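Report on one structure; see the data block that follows.
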Amino acid sequence: MTAVLPPYPATPALPAPRRLTRTEGGERLHALLWTAGPGRRMISSAVLGGGIGERAWVLNAQVAHGYRRTDPERHLASLAADAGVRGEGVGLMTAADVSSYAHARDAGAEAFVTAGIDVRGWAAWPGEGAAGAPDPGTVNVVVAVPAALSDAALVNAVATATEAKVQALVESGYDCSGTPTDAVCVVADAPAPHREAHAFAGPRSLWGARLARAVHRAVRDAVTAADRDRPAVRRT
């Protein structure tokens, strides 16, 4: 007997991003801006707007290789203000060209990924930390679901998205779990009296499974595009 899954909205959980371009230090740089609208809650590891809370937008900004500013939070907030957004939001950064991003959708879950994979390795590394600041190559994952998630489920969703990212990297031939500066942002509806929050977002839960498949596909596509742009990249 085939299980009947609940319907999901035809409207994307997160609309396609607006593409922005600016010049810094004589270099042409790009950014992606998603406007989530009111009533959305996010969890993120981002330098700007990280943690859990109601957020209205997400910015993924390209920065120059060798980025050395010591105020990235202020820098991202300035870029968001220049783009005309107001209120609380999430700001991520990467040295990858974000104008080339991967997008995947699975039964209502949306995933957007930009991949810079030149600086990478495994999470468990000898020593107490990096010997110097690495270039922010970065795999940035922005994923959204058209459902409300509890605080615990939001944390669960971050873990699920990260597992799917690592699976995609390994299947793509990369002997790594990511880069030292990877970031993630999960967008969900805010709980409301008429909308019960899902308590779980693990890979075998309804929205966790959809989220995982979307992230997995988007990371694989982003890595394939990065390989195409850098044919000589070494994977191990």
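Every number here is computed from the coordinates shown, using simple stated rules; none is lab data. Values in this document were obtained by computation on a predicted structure and should not be read as measured data. No Cβ is skipped: glycine too gets one built from the backbone with ideal geometry, and neighbour counts run over all protein chains shown.
Data table
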| item | result |
| --- | --- |
| Residue-wise HN-Hα coupling along segment 60-74, computed from phi with Karplus coefficients 6.51, -1.76, 1.60 (Hz; x: Gly, Pro) | 10, 9, 6, 10, 5, 4, x, 3, 10, 5, 9, 10, x, 4, 5 |
| Table column - 3J(HN,Hα) (Hz), segment 34-48, Karplus curve with 6.51, -1.76, 1.60, x for Gly and Pro | 9, 9, 7, x, x, x, 10, 10, 10, 10, 8, 9, 5, 5, 10 |
| Around Ala153: net Lys/Arg minus Asp/Glu count, Cβ-Cβ under 14 Å | +1 |
| Most mobile listed residue (Pro191, Pro12, Pro126) in the chain, GNM with C-alpha springs under 10 Å | Pro126 |
| The chain: most fluctuating residue of Asn156, Asn60, Asn140 per GNM, C-alpha cutoff 10 Å | Asn156 |
| Phi to ³J(HN,Hα) by Karplus 6.51 cos²θ - 1.76 cosθ + 1.60 over segment 21-33, Hz, x for Gly, Pro | 9, 8, 10, 9, x, x, 10, 7, 10, 10, 8, 10, 10 |
| Residues listed by number, segment 31-46, amide nitrogen under 12 Å from Arg195 label point at 7 Å toward C-beta | 37-42 |
| In range of the label at Ala16: residues from segment 96-119 whose backbone nitrogen is under 17 Å from the point 7 Å along Cα→Cβ | 98-106, 110-114 |
| The chain, relative contact order in percent, only Cα pairs under 8 angstrom and at least six apart counted | 21 |
| Protection proxy ranking of 183-189, 33-39 - average other beta-carbon atoms within 10 Å, highest first | 183-189, 33-39 |
| Packing-based ranking, highest mean first, of 62-72, 172-182 given that Cβ atoms within 10 Å are counted | 172-182, 62-72 |
